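Each remark here refers to the structure printed beneath this line.
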């Protein structure tokens with residue numbers, strides 16, 4: 001099963017990708033995480049994309065395709081994969097379809113996480129993480145049990161991602177609406193697009209995904 005999750009930054013794609021990975025025993029490919037790791041490690045790729053990401057712009061298509069297909073052929077993707085953060089442009093979607101077709105494969109389902117921009121902004125800007133273990137927190141929705149102390153490891157150091165700042169988030173949302181939303185009709189025409197409420201609680205979003213994919217009690221229905 002080859003699945004794409006679509007939605008703006010902070011819509012919950014990563015969380016739902018983890019759930020699908022475990023449920024279907026497929027690989028999870030989070031291109032954003034791969035790029036951030038490259039930046040942190042100071043690799044040639046990281047140096048190339050660091051300024052681009054900090055400004056909320058998209059990494060060039062050729063770079064993303066190269067990164068992606070190096071990952072798709074790893075062992076954990078033998079039964080399929082769920083893509084989180086790719087494709088982000090129509091050109092990338094078309095390139096992905098062509099590359100998969102060359103291997104006699106294709107995307108099976110595309111799941112859209114529908115969100116409200118204003119509420120999503122609040123969700124993203126409030127995020128922060130433990131600098132030591134990476135445990136995630138939020139100013140409004142998930143604070144540490146003891147103020148200033150990580151629940152998981154006890155560290156007192158926390159960080160906020162540069163691309164979670166309000167100005168960058170606004171730019172990323174604008175970029176999503178301009179460049180990624182056109183993928184919705186592209187996949188709708190192919191009969192692969194399914195939609196769920198991305199603003200619901202995590203468990204409810206997962207239930208809706210099960211339902212529209214036919215893994216729940218009801219049969220799948222295209223959006």
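Here are a few things to note about the model shown:
- Between the stretch 88-144 and the stretch 152-178, the alpha-carbon center distance in angstrom: 13 Å
- Relative contact order for the stretch 2-85, counting Cα pairs under 8 Å that sit 6 or more residues apart, in percent: 52 percent
- The relative contact order of the chain, computed from alpha carbon pairs under 8 Å that lie at least 6 residues apart in sequence, is 26 percent.
- Length-normalised contact order of the stretch 117-160 in % [C-alpha pairs under 8 Å, at least 6 apart]: 38 percent
- When the Cα gyration tensor is reduced to axis lengths a ≥ b ≥ c, the ratio a/c is 1.5 or higher for the stretch 117-160, and with a/b above b/c it is classed as prolate.
- The helix-based estimate of mean residue ellipticity at 222 nm for the chain, built from -39,500 (n - 2.57) per DSSP H run of four or more residues and divided by its residue count, is -13000 deg cm²/dmol to the nearest 500.
- Take the Cα of residue 40, step 7 Å toward its Cβ, do the same at residue 25, and the gap between the two points is 3.0 nm.
- What the Cα convex hull of the chain gives, in volume per residue, is 133 Å³.
The numbers here are math on the coordinates, done by the rules we state, and not lab data. In this text, all values refer to a predicted model and were calculated from it rather than measured experimentally. Here Cβ is always computed from backbone atoms with ideal geometry, including for glycine, and neighbour counts include all displayed protein chains.
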